[in-house]
Amino acid sequence: DMLDPERLIQCPLVKHHWIRARRFPYHLVKCKESNPEIAKKLATCPFNARHLVPQADLSDHIMKCNDKAFVEQDVVSRSCESPQEQLNNGSTWQAPPCAEDWETDLLEGSESPFVW
């Protein structure tokens, strides 16, 4: 899809729908809503949400899915890292300091009742 966003892809729900690769995820959402009976019979691939296959064929698809290699590669590369490296590769976000002090406010205690 990224190599050619203009490439035409056949819709797995309605076979006469041909959609440009760049619009395909949006089409799937709309087409599922428009065709709920067909959508119920299809299962979503755990490796790529764009892959919709008949529920009976899901296990076979999982075994052969090309996107499975990307997920497996990521899992293997992460399992080779030490726990410290895994922590270092995580988010560096920290909560900003809080200027509120509820305990002090309570002790100072305003006598006025809370009004909504």
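Descriptive notes on the structure:
- Here LYS41 is the anchor, and the lysines within straight C-alpha reach of less than 21 Å, apart from those fewer than 8 places off in the same chain, are LYS15, LYS30, LYS32, LYS64.
- In terms of packing, defined here as the mean over residues of other Cβ atoms within 10 angstrom, the peptides 65-73, 42-50 line up highest first as 42-50, 65-73.
- A 1.4 Å probe run over the protein chains yields, for region 1-40, 75 Å² of accessible area per residue, whole-number rounding.
- Principal axis box of region 1-40, alpha-carbon based, largest edge first, Å: 33, 16, 11
- Residues ASP57 and ARG20, FRET efficiency given R0 of 22 Å [Cβ-Cβ distance, rounded to 0.05]: 0.30
The values are calculated or read from the model by the stated rules, or taken from the named source; none is laboratory data. Keep in mind it's a predicted model, so treat the numbers as computed, not measured. Methodologically, a virtual Cβ is constructed for each residue, glycine included, from the backbone with ideal geometry; neighbour enumeration extends over all protein chains shown. In case anyone asks, the SASA skips ligands and DNA or RNA and just uses the protein heavy atoms, side chains included. Shrake-Rupley method; radii C 1.70, N 1.55, O 1.52, S 1.80 Å.
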